[in-house]
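Novice: This is the structure, below, for whatever I ask next.
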Amino acid sequence: MTDAAILVKNVSKKFGDTLVLRDINLEVPRGQVSCLIGPSGSGKSTLLRCMAFLEQATSGTITIEGEPLGFVEGPNGRRLQTAAELRQTRSKIGMVFQQFNLWPHMTALGNVSASLRRVRKLSKAEAEDRAMAQLEKVGLKERAGFYPSQLSGGQQQRVAIARALALDPTIMLFDEPTSALDPELTGEVLNVMRALADEGMTMVVVTHEIGFAASVGNKICFLDHGKLLFHDTPEKVFAAPREPRLEQFLDTYLDRGAIMLR
Amino acid sequence: MSWKLFELLLQASLMTIFVSFISILAGLVIAIVLSAMRMSGNRWLYAGTGMFISFFRGVPLLVQLLLIFNLLPLIGITLPSLATAIIGLSLCTAAYQAENLRGGFEGVPIGLIESAEMAGFSRTQSFFWIRTPIALRMTFPALVNEAILILKASSLVSVVGLVELTKMAQNLSASTYQPLPIFASAGLIYLVINWGVAVVGRRVENALPGLPAK
Amino acid sequence: MSFDFAVILAKGPEILMGLGVTILIWIVGTFFAVILGFVVATARRFGGRLVDTLLTLPIEVLRGTPFLVQIFLLYFGGPYIGLRLDPITAGLLGLSVYGAAYYAEIFRAGYQSVPIGHVEAATCVGFSRGQTILFVLLPEMALLVMPPSLNMAVILLKETALLSLITVPEMTMTVSAIGSQQYAFVESLVVLAVVYWALVELANFLGRMTERKLSKLGTT
């Protein structure tokens, strides 16, 4: 039994004839934060979505806390998990999307308590109590009765984080959680994520926030053209970027930083 | 035309409102079931709902009502005309509402369904708790429109023997020889009802939260 | 229970006559409805505010009341103000006026959805007002209003069935009369439903073909 929360083995993914992931091997240890960075189209979001089985890898396996995700090994080879089995495996995973994806017809409290009521079958009162605690954690207790359309982007994303936490997952996946936000709203979301990391949550974060990746990430994974080119601690990655592609990629951020400083 | 006649028309219009309201609601429920069947992934259910929708949208309501009215007793079901009228109207509006809902269901952003999947919802739970409410919300204006169409279409249920506004107007016009003021008054009452539905519908539309962001 | 369709189908020629009347009234009624609707929408668009306001009321009344009440008013009420019409004329008139109200709304929306920039562009290349309307506004609008217009035509086809209630000898009237004579009412209604269904699906099919042809002309 390995200590890996997520184990990605030889994963490749094709969309039609395009190879978007090429033979990815990656281990996400328990309690650590791994940040996936890379230029757009590098396959980092696809890799994350494979870890949630929202995309099915063309080949290779992904294991969540020792259990194969999406498949069951049997005597006659592997078969797809049934919907119920997949839900069971997925229950360890919380996911936060770039576009928040809050359900527009429910309040913030409704969004967070929905899975507790419908999936866990808790009573309305108990589900809402627990949901309220999650909202408090992301600092939005007073906004519980608001609909998504009445919340700012940053608040919506914090509600989305609370919703993902509702079923007590052991792993949190973040798909570019601040990319759809105005720059002045990214801080509040990153702070919530930082607090979560400090609590010891296992996290995989696809992000363009290099600063966040450098300060919170235990490991940085650099993807380019579907290949995992670099996988190491932030110190090593950012101190001495010997990979030419990584250097080039980080340069674009330095340029941006320079422009923002002026 | 006397006030007494107008009062009789007003009374009959309550039946028009009642029949239409019940039919719209029943039609909505049937339309949701039809949508579920169409999206179930089962080829036979898909084809069956397609036939149902095509038939009830393709045959004039008058013919549908006459058919149901005459067919039911033949297969041993005798219903009061009120029930027959409601069955006929709801089946017809269900076909139209299912077609409206189709657009709503297609408009639900995929991310909202994925997030339900990640929150542990089964396909059925996701259909009832996420997709259907959002599709209903998105097609609410079409529902108001359909309500007005059904209010007007309910004028046909006189052919199954139900006395509502139009049938009352016919009866009164035959007995008093005053078709002009009587049918004009009936028209006026329909106009006021539909205007009311449109106004309330717009109010509700503006007050309802929950349209997905573009 | 037993069904005997033979007695109905034996009356083939009569049914075809009824079908002919249905199609004739439908085509002619829709034709007049489109013309009248276009004239009304155009008058509202270019006739100034007073004309626009004056025309709103009849359109809203026609759209807010059942077709059945309208034809009853026309057919049974008409004679009291000297408007004595035979059933076919009354039906045709009723269908045209009723349809015109809906077409007027379709064309009004069509006028509104032609981008103002296209009209301005035409003015800029030196088109007169008349030329702009004729060469830019109307052709663009024709493309935009085609789908709802075809849809409305199908609705009017189904509405013709109501004309049986003012004794127009169209298909519903003919076939149900045959049904009562032959004591085969349900059979006659089944035949009727199937013929309408086929007719509507045929019209829908032709409409889709037309739309596909036109969409190649490129709406932006």
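The values are calculated or read from the model by the stated rules, or taken from the named source; none is laboratory data. The structure presented is a predicted model; accordingly, all values stated were derived computationally and were not measured. Ideal geometry is used to build each Cβ from the backbone, glycine not excepted, and the neighbour counts take in all protein chains shown. Surface areas here come from the heavy atoms of the whole protein model, side chains and all, with no ligands, DNA or RNA. Shrake-Rupley method; radii C 1.70, N 1.55, O 1.52, S 1.80 Å.
Novice: Could you tell me whether the stretch B:74-95 includes any residue that is assigned to a helix (DSSP H, G or I), away from chain C (no Cβ under 14 Å) and under 30 Å from A:Arg163 (Cβ atoms)?
Specialist: no
Novice: Pick out, from the stretch B:105-168, the helices (runs of 4 or more DSSP H) lying fully within it that include 3 or more residues that are without any contact (Cβ under 8 Å) to a residue 40 or more places away in the chain. Steps first, answer last, please.
Specialist: Working: elements: B:110-118, B:132-138, B:140-153.
Ranges flagged: B:110-118.
Novice: Continuing with this model, one more query. Of the conditions (1) over 28 Å from A:Asn218 (Cβ atoms); (2) open to solvent by 40 Å² or more (accessible area, probe 1.4 Å); (3) not in a helix (DSSP H, G or I), A:Ala84 clears all except one; give me its number.
Specialist: A:Ala84 satisfies every listed condition except (3).
Per-residue answers, yes or no, for (1) more than 11 Å from every other protein chain (Cβ to nearest Cβ); (2) crowded, with 17+ Cβ neighbours inside 10 Å; (3) among the polar types (S, T, N, Q):
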residue: B:Ala174; (1), (2), (3): no, no, no
residue: B:Pro179; (1), (2), (3): no, yes, no
residue: B:Phe183; (1), (2), (3): no, yes, no
residue: B:Ala186; (1), (2), (3): no, yes, no
residue: B:Ala198; (1), (2), (3): no, no, no
residue: B:Glu205; (1), (2), (3): yes, no, no
residue: B:Gly210; (1), (2), (3): no, yes, no
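Novice: Could you say which residue among A:Leu116, A:Leu102 is in contact with a Lys or Arg (Cβ under 8 Å, 6 or more places away or on another chain), within 13 Å of chain B (Cβ to nearest Cβ), in a loop (DSSP other than H, G, I, E, B) and of a type in the set (A, V, I, L, M)?
Specialist: One residue alone meets the criteria, A:Leu102.
Novice: Does the stretch A:6-14 contain at least one residue that is open to solvent by less than 10 Å² (accessible area, probe 1.4 Å), within 20 Å of A:Glu176 (Cα to Cα), in a helix (DSSP H, G or I) and in contact (Cβ under 8 Å) with a residue 12 or more places away in the chain?
Specialist: no
Novice: Can you spot a residue in the stretch B:137-153 that is away from chain C (no Cβ under 12 Å), touching a Lys or Arg at 6+ places or on another chain (Cβ under 8 Å) and open to solvent by less than 20 Å² (accessible area, probe 1.4 Å)?
Specialist: No, that holds for no residue.
Novice: Next question, about the same structure. Anything in the stretch A:45-81 that is hydroxyl-bearing (Ser, Thr, Tyr), over 17 Å from A:Thr170 (Cα atoms) and surrounded by 13 or more Cβ atoms within 10 Å (Cβ to Cβ)? List them, or say none.
Specialist: If the condition is that a residue be hydroxyl-bearing (Ser, Thr, Tyr), over 17 Å from A:Thr170 (Cα atoms) and surrounded by 13 or more Cβ atoms within 10 Å (Cβ to Cβ), then A:Ser45, A:Thr46, A:Thr58, A:Thr61 are the ones that fit.
Novice: Return yes or no: is B:Val33 open to solvent by 50 Å² or more (accessible area, probe 1.4 Å), of a type in the set (A, V, I, L, M) and not in a loop (DSSP other than H, G, I, E, B)?
Specialist: Answer is yes for this residue.
Novice: Same structure, new question: Name every residue in the stretch A:79-128 that is among the β-branched types (Val, Ile, Thr) and in contact (Cβ under 8 Å) with a residue 60 or more places away in the chain, in order of residue number.
Specialist: Correct list: A:Ile93, A:Val96.
Novice: When the residues of the stretch C:167-206 are narrowed to those that are away from chain B (no Cβ under 13 Å) and part of a helix (DSSP H, G or I), which ends up surrounded by the most Cβ atoms within 10 Å (Cβ to Cβ)?
Specialist: Per the stated criteria, the residue is C:Ile178.
Novice: Does C:Leu55 satisfy being away from every other protein chain (no Cβ under 12 Å) and open to solvent by 10 Å² or more (accessible area, probe 1.4 Å)? Give the derivation first.
Specialist: Values: away from every other protein chain (no Cβ under 12 Å): yes; open to solvent by 10 Å² or more (accessible area, probe 1.4 Å): yes.
Yes, satisfied.
Novice: Here's another thing I want to ask about it. Going through A:Leu190, A:Leu167 one at a time, which residue ends up being free of Cβ contacts under 8 Å to residues at least 60 places away in the same chain and under 19 Å from the mean Cα position of the chain (by Cα)?
Specialist: Residue meeting the stated conditions: A:Leu190.
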